[in-house]
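Engineer: Dumping the structure here so I can ask a few things about it.
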Amino acid sequence: MNQQNVALEQSIKGVFEARQDRSRRSRDAFIESGIALLNEFRFNDLKVSDLARHSGRSVGSFYKRFEDKEAFFRALQASTVARDRKIIELRLDADRLNSLAPQEVMDELVDTLVDIFSSEVRGVLRESLLRILEPVDGWAPMRKSGQDVQQRIVNRLRSAYPGRSEMDTERKLRFCYQIVVGVLQNDLVNDYHAFSTADHSIRSVLKVVVSDHLNSKSSY
């Protein structure tokens, strides 16, 4: 069972347990279709019939797996977090970070986050971000994952800058993370920027900004 399926076997409100392989395959087909279609449509404009047609399943099959579209969206988020965690565990593993120089660590952080924000789950990330001010914070699952990423970087680099206190270095590192994620979040919902994930120009610029801030003599 892969990491995606492990996440979806956990209790998700409104997602019915898939006990047989056939049922799991149908559930996962709907999820793959949802991830793909959200790169073309807003979630509110996405119909169950569209998901059924794209996945080669029926509308009835959808409602055997998901209570409603909101339950389906929670499943999309769980799948997205699982995919992102797989990337994070591979590229920001503590042993790997320890093998990299400080600047290489920050470059890898930027590369990893840009790759995640421009991946096939981009549409799910966008919809989650647009729900951030709703009563149920749509960005909460992604924020939790991001907090883990921050801590990995802080643990690796807190003591890596001689002549600066660990507290000041940690503050800088956390702000660098905030800069990167803030820019990438803005890119999710706004296509009118000089630098973008679409043409990969944002990657090199973010690396320069992060490097400049970390190497500055300011305490913030």
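The values are calculated or read from the model by the stated rules, or taken from the named source; none is laboratory data. What you see is a predicted model, and the numbers here were worked out from it, not measured in a lab. Positions of Cβ are generated from backbone atoms using ideal geometry, with glycine treated the same way; all protein chains shown enter the neighbour counts. For accessibility, only protein heavy atoms count, side chains too; no ligands or nucleic acids. Shrake-Rupley method; radii C 1.70, N 1.55, O 1.52, S 1.80 Å.
Engineer: Where residues in the range 11-41 are among the polar types (S, T, N, Q) and within 14 Å of K64 (Cα to Cα), which of them is most open to solvent (accessible area, probe 1.4 Å)?
Structural biologist: Q20
Engineer: Identify, please: which residue in the range 157-176 is open to solvent by 50 Å² or more (accessible area, probe 1.4 Å) and either within 17 Å of the chain's Cα centre (by Cα) or among the basic types (K, R) (or both) and is, among those, modelled with the lowest pLDDT?
Structural biologist: Taking the candidates together, the pick is R164.
Engineer: Same structure again: Quickly run through the range 157-176 and pick out the residues that are in a helix (DSSP H, G or I) and not charged (D, E, K, R).
Structural biologist: Result: L157, M167, T169, L173, F175, C176.
Engineer: Regarding D148, is this residue open to solvent by 20 Å² or more (accessible area, probe 1.4 Å), over 23 Å from A101 (Cβ atoms) and not small (G, A, S)?
Structural biologist: No: the conditions fail for D148.
Engineer: When the residues of the range 198-218 are narrowed to those that are in a helix (DSSP H, G or I), among the small types (G, A, S) and open to solvent by less than 50 Å² (accessible area, probe 1.4 Å), which ends up modelled with the lowest pLDDT?
Structural biologist: The extreme case among them is S201.
Engineer: Sticking with this one: Got at least one residue in the range 177-196 being assigned to a helix (DSSP H, G or I), closer than 13 Å to Q150 by Cβ and open to solvent by 50 Å² or more (accessible area, probe 1.4 Å)?
Structural biologist: yes
Engineer: Let me ask something else. Identify, by number, the condition in (1) within 18 Å of I132 (Cβ to Cβ); (2) in contact with a Phe, Trp or Tyr (Cβ under 6 Å, 6 or more places away or on another chain); (3) among the polar types (S, T, N, Q) that Q178 doesn't meet.
Structural biologist: Among (1) within 18 Å of I132 (Cβ to Cβ); (2) in contact with a Phe, Trp or Tyr (Cβ under 6 Å, 6 or more places away or on another chain); (3) among the polar types (S, T, N, Q), Q178 violates only (2).
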